[in-house]
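Q: Quick one: structure below, then a few questions.
The values are calculated or read from the model by the stated rules, or taken from the named source; none is laboratory data. As the structure is a prediction and not an experimental result, all values here were calculated from the model. Methodologically, a virtual Cβ is constructed for each residue, glycine included, from the backbone with ideal geometry; neighbour enumeration extends over all protein chains shown.
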């Protein structure tokens with residue numbers, strides 16, 4: 001691989017400039033900002049790099065970009081999944097170095113929304129493929145380059161398209177380059193599965209309009225109804241109280257426990273706490289127990305609550321409505337549709353049938369694969385080669401898409417620096433990590449082609 005790595009080093013300035021241009025193009029799926037313009041930019045960049053790329057229009061939403069390269073030397077096919085949409089940049093005033101779309105490079109760090117999640121990942125795939133074509137005239141594995149534009153809002157329009165394009169998506173392995181190196185270890189995480197996420201909004205209704213609070217004894221207060229309802233969902237020890245919520249849940253086996261113990265030995269928990277801004281983890285968790293909880297424990301997170309008046313001074317009202325946004329991380333094998341039904345049944349059984357539950361029913365199922373899959377072994381070997389030591393192997397990570405309709409063993413891994421501020425102001429990537437990430441992508445292609 002020395003010839004490929006040498007090419008990547010020699011063209012680093014070009015690859016960095018392309019990432020700056022990419023980051024400078026807004027592409028916020030939650031706000032429908034710049035998506036088609038960004039898709040056009042990606043397609044043009046791929047054409048400029050000698051890569052095939054075409055638009056596939058969805059029923060709604062921005063296009064998928066798809067390109068396929070055939071290898072004469074490998075029977076394997078690798079689906080490289082990435083996304084060009086990003087999180088909203090707010091609060092914009094909290095950004096430094098020119099704001100969320102600057103792409104500014106300061107002391108070897110490139111700043112801007114999407115610098116890590118996931119525009120550097122998109123380009124790592126593309127530039128690795130370009131390096132193989134330039135140096136060897138061919139890629140080492142059949143490649144399908146797949147870039148979508150709604151990952152940050154749960155890919156609501158992707159499933160129907162995937163169901164109609166199973167043959168196009170068929171592959172022997174799939175992976176995504178998204179996220180950072182493990183804090184304190186400076187090696188990639190390799191996640192052998194994905195949690196699903198059930199997003200839910202609970203809406204409590206009170207009087208038809210806000211009424212004077214002297215009428216509190218006579219009218220329902222939706223904020224209190226919501227508070228009491230939430231208290232029935234999770235207790236103070238983080239136990240989810242919804243009946244049969246964990247039915248059929250995946251239980252870590254000896255292999256999983258071994259990876260947890262290895263990770264606990266190698267990461268710096270003090271740095272992790274510092275990055276999160278806490279002095280200790282909740283419930284006094286630490287070491288393997290903390291990692292096991294983060295990896296294999298289902299969650300019921302409250303994202304935010306909106307109700308009543310919180311402006312200057314006071315306003316003596318009983319508000320007409322209260323809302324809470326929640327996300328439930330679902331471990332294999334908790335299915336999103338079943339979880340949504342259990343949530344509604346739970347609230348009704350507890351006497352809160354007046355609370356409306358709105359869910360995003362398109363959530364994809366969670367899954368888990370073995371470290372013995374070819375794609376798993378190839379990525380672990382590639383990480384060891386590029387970073388000089390074995391990666392940290394995780395059980396499951398964030399949510400996924402596509403796999404409901406086309407089963408492909410799938411691995412999530414990443415190469416950004418710890419402290420890259422995913423989903424936060426001043427998202428960034430260290431330039432050296434980005435260039436090494438392109439080499440990581442190339443090594444994965446090489447190893448999987450020979451697997």
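Q: Just checking, does segment 19-32 include any residue being under 17 Å from residue 133 (Cβ atoms) and at pLDDT 95 or above?
A: no
Q: Output the residue which, of all residues in segment 354-394 that are assigned to a strand (DSSP E or B) and buried (at least 16 other Cβ atoms within 10 Å of the Cβ), is modelled with the highest pLDDT.
A: Checking each candidate, the answer is 357.
Q: State whether the residues of segment 229-241 include one that is assigned to a loop (DSSP other than H, G, I, E, B) and surrounded by 15 or more Cβ atoms within 10 Å (Cβ to Cβ).
A: Checked against the condition, which is being assigned to a loop (DSSP other than H, G, I, E, B) and surrounded by 15 or more Cβ atoms within 10 Å (Cβ to Cβ), segment 229-241 yields at least one hit.
Q: With the checklist (1) surrounded by fewer than 21 Cβ atoms within 10 Å (Cβ to Cβ); (2) out of contact with any strand residue (DSSP E or B) (no Cβ under 8 Å at 6 or more places or on another chain); (3) more than 28 Å from residue 419 (Cα to Cα) in hand, flag the one item residue 153 doesn't pass.
A: Among (1) surrounded by fewer than 21 Cβ atoms within 10 Å (Cβ to Cβ); (2) out of contact with any strand residue (DSSP E or B) (no Cβ under 8 Å at 6 or more places or on another chain); (3) more than 28 Å from residue 419 (Cα to Cα), residue 153 violates only (3).
Q: Output the residues belonging to segment 251-285 that are part of a loop (DSSP other than H, G, I, E, B) and surrounded by 13 or more Cβ atoms within 10 Å (Cβ to Cβ). Steps first, please.
A: Step one: filter segment 251-285 for residues part of a loop (DSSP other than H, G, I, E, B), giving 251-253, 267-268, 277-281, 285.
Residues satisfying the conditions are 252, 267, 268, 281, 285.
Q: Please determine, by comparing only the residues of segment 319-338 that are over 20 Å from the mean Cα position of the chain (by Cα) and assigned to a strand (DSSP E or B), which one is surrounded by the most Cβ atoms within 10 Å (Cβ to Cβ).
A: Filtering first and then ranking leaves 322.
Q: Please tell me if residue 152 is without any contact (Cβ under 8 Å) to a residue 40 or more places away in the chain and outside any loop (DSSP other than H, G, I, E, B).
A: Answer is no for this residue.
Q: Ok, one more. Could you please find all residues in segment 274-284 being within 14 Å of residue 237 (Cα to Cα) and under 24 Å from the mean Cα position of the chain (by Cα)?
A: If the condition is that a residue be within 14 Å of residue 237 (Cα to Cα) and under 24 Å from the mean Cα position of the chain (by Cα), then 281, 282 are the ones that fit.
Q: Does segment 14-31 contain any residue that is closer than 29 Å to residue 432 by Cβ, in the same structural domain as residue 375 (by TED's automatic domain parsing) and over 26 Å from the mean Cα position of the chain (by Cα)?
A: Yes; the residues of segment 14-31 include at least one that is closer than 29 Å to residue 432 by Cβ, in the same structural domain as residue 375 (by TED's automatic domain parsing) and over 26 Å from the mean Cα position of the chain (by Cα).
Q: Sticking with this one: With the requirement that a residue be buried (at least 17 other Cβ atoms within 10 Å of the Cβ) and either more than 22 Å from residue 155 (Cβ to Cβ) or modelled with pLDDT under 95 (or both), what does segment 84-96 give you?
A: Selection gives 95 alone.
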